[in-house]
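J.: Below: one structure in structure tokens.
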Amino acid sequence: MKIVVLNGSPRLNGNTAKHVEAFKAGAEAAGNEVVVLTVGKMNVNGCLGCEYCHGKGEGKCIQMDDMDFIYPEIATADLVVLASPVYYWSFTGQMQSVITRFYAPGKPAAKKYAMIISSGSPNVYNAIKEQYKSMMNYFGAEDVGTFFYNGANNSSEAALAELKAFGESLK
């Protein structure tokens, strides 16, 4: 199975990066191909709402930025993992820009998704849960796992072991 992980964190050595590495190790051990895209450090603008993609662009966005590297990967993914810290009740701004740009091709091809979320607080997840649920409904996709970590639990051995085991369970 091809798994594409979209890491929305701009921090290369933060909790989300540790989560992604643990998940990737397990998923690769199970024989999966894993591509990690650190979208938190990429140059991706939000959707302009210009509708070029649904007219003259025939599914291609008019903007020329790092989404050009992301589109081919998600087009061939069996599973997309959204990994992000929560700074203010939602995905990072960088991840939000990527999500809005899913609009150009219509619906991503992947029919399976997972979400790995970290935060400093345990009480900030309601909005992100609703957004993810709405995305799954719209995409007609299956949620295969959601993981939420906060505070000291973010980098705990238990959290990393859980994510590695989740990766290992995917075939």
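The values are calculated or read from the model by the stated rules, or taken from the named source; none is laboratory data. For clarity, every value in this text was computed on a predicted model and none was experimentally measured. Cβ atoms come from the backbone with ideal geometry, glycine included; neighbour counts cover every protein chain shown. All accessible areas refer to the heavy atoms of the entire protein, side chains included, with ligands and DNA or RNA removed. Shrake-Rupley method; radii C 1.70, N 1.55, O 1.52, S 1.80 Å.
Okay, residues lined up against (1) over 22 Å from residue 118 (Cα atoms); (2) open to solvent by less than 40 Å² (accessible area, probe 1.4 Å); (3) part of a loop (DSSP other than H, G, I, E, B); (4) touching a residue at least 60 places away in the same chain (Cβ under 8 Å):
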residue: 16; (1), (2), (3), (4): no, yes, no, yes
residue: 26; (1), (2), (3), (4): no, yes, no, yes
residue: 50; (1), (2), (3), (4): yes, no, yes, no
residue: 53; (1), (2), (3), (4): yes, yes, no, no
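J.: State all residues of the stretch 55-88 that are open to solvent by 50 Å² or more (accessible area, probe 1.4 Å), of a type in the set (A, V, I, L, M, F, W, C), out of contact with any Leu (no Cβ under 8 Å at 6 or more places or on another chain) and in a loop (DSSP other than H, G, I, E, B); if no residue qualifies, say none.
T.: Matches in the stretch 55-88: 64 only.
J.: Does residue 134 satisfy being open to solvent by 20 Å² or more (accessible area, probe 1.4 Å) and at pLDDT 95 or above?
T.: When the stated conditions are applied, residue 134 passes them.
J.: To continue, here is another question. Could you list all residues from the stretch 105-131 that are closer than 17 Å to residue 4 by Cβ and open to solvent by 40 Å² or more (accessible area, probe 1.4 Å)?
T.: If the condition is that a residue be closer than 17 Å to residue 4 by Cβ and open to solvent by 40 Å² or more (accessible area, probe 1.4 Å), then 105, 107, 109, 111, 112 are the ones that fit.
J.: Please go through the stretch 141-171 and pick out each residue that is under 18 Å from the mean Cα position of the chain (by Cα) and at pLDDT below 95.
T.: 154
Residue-by-condition table, conditions (1) touching a strand residue (DSSP E or B) at 6+ places or on another chain (Cβ under 8 Å); (2) in contact (Cβ under 8 Å) with a residue 12 or more places away in the chain; (3) of a type in the set (A, V, I, L, M, F, W, C):
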site	(1), (2), (3)
23	yes, yes, yes
58	no, no, no
96	no, yes, no
108	yes, yes, no
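J.: Could you check, for the stretch 32-42, whether at least one of its residues is open to solvent by 40 Å² or more (accessible area, probe 1.4 Å), over 23 Å from residue 170 (Cα atoms) and outside any helix (DSSP H, G or I)? Can you show your working first?
T.: Start the filter on the stretch 32-42 by keeping residues that are open to solvent by 40 Å² or more (accessible area, probe 1.4 Å), which leaves 33, 36, 38, 41-42.
With the extra rule that they be over 23 Å from residue 170 (Cα atoms), the set shrinks to 41-42.
From what's left, outside any helix (DSSP H, G or I): 42.
Checking the stretch 32-42: at least one residue is open to solvent by 40 Å² or more (accessible area, probe 1.4 Å), over 23 Å from residue 170 (Cα atoms) and outside any helix (DSSP H, G or I).
J.: Six or more apart or on different chains, Cβ under 6 Å: which pairs go from a residue in the stretch 144-160 that's farther than 17 Å from residue 21 by Cβ to one that's modelled with pLDDT under 90 and open to solvent by 40 Å² or more (accessible area, probe 1.4 Å)? Could you list them?
T.: Short answer, once both residue conditions are applied: none.
J.: May I ask you to say which residue of 77, 29 is at negative phi and touching a Lys or Arg at 6+ places or on another chain (Cβ under 6 Å)?
T.: Residue meeting the stated conditions: 77.
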